[in-house]
Amino acid sequence: MTRTLRAWKSRAAAVAVLSLATLAPVAVATEAHAAVSGKVCVSALPSQARTTLGLIAKGGPFPYRQDGVVFTNKEGVLPSQRSGYYHEYTVVTPGAPTRGTRRIVTGQRHQEDYYTSDHYATFRLIDFGC
């Protein structure tokens, strides 16, 4: 298996092979499969996402030290903006031993909040009107 991993050129391919080997699902966003896939009503989000949105609106306190860090949008999935425009926040996943894969990524305007449940592989724009 070590030889196989050395043969892979991209990090995403190596992670996919490792996840198959360990039977652990891993979502890695790459330019090939990352996308904004429409909108999601705020009422359809998990309750933990709505809690995170409330914390964002109040300015915290946040449960993880990484909350509020700059989201670089390196995959280029979200609309292109200057560096520092987007920030990410953890959506707590009950029972997860880590931060999990759910996040909210905010733009500097309230209308640009995105939800991802698969660690940046897909994003949905949060619709606050429904």
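The values are calculated or read from the model by the stated rules, or taken from the named source; none is laboratory data. Keep in mind that this is a model prediction, so the values were computed, not measured. Cβ: placed from backbone, ideal geometry, glycine included. Neighbour counts: every protein chain shown.
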Original post:
So how many residues does the range 101-115 have that are buried (at least 19 other Cβ atoms within 10 Å of the Cβ) and either without any contact (Cβ under 8 Å) to a residue 12 or more places away in the chain or under 15 Å from Thr72 (Cα atoms) (or both)?
Top reply: 6
Subject >> Single residue of Thr98, Thr93 found to be part of a loop (DSSP other than H, G, I, E, B), touching a residue at least 40 places away in the same chain (Cβ under 8 Å) and at negative phi >> reply: Thr93
**OP:** Please give the number of the condition Leu55 fails out of (1) assigned to a helix (DSSP H, G or I); (2) in contact with a strand residue (DSSP E or B) (Cβ under 6 Å, 6 or more places away or on another chain).
**Re:** (2)
**OP:** Please verify whether the range 86-100 includes one or more residues that are modelled with pLDDT under 95 and within 10 Å of the chain's Cα centre (by Cα).
**Re:** yes
Original post:
Do you know which residues across the range 101-121 are over 8 Å from the mean Cα position of the chain (by Cα) and in a strand (DSSP E or B)?
Top reply: Thr106, Asp113, Tyr114
Original post:
What's the number of the condition Ala49 fails, among (1) free of Cβ contacts under 8 Å to residues at least 60 places away in the same chain; (2) under 20 Å from Val36 (Cβ atoms); (3) of a type in the set (A, V, I, L, M, F, W, C)?
Top reply: (1)
Original post:
Would the range 36-48 turn up any residue that is surrounded by 14 or more Cβ atoms within 10 Å (Cβ to Cβ), at pLDDT 95 or above, among the polar types (S, T, N, Q) and part of a helix (DSSP H, G or I)?
Top reply: yes
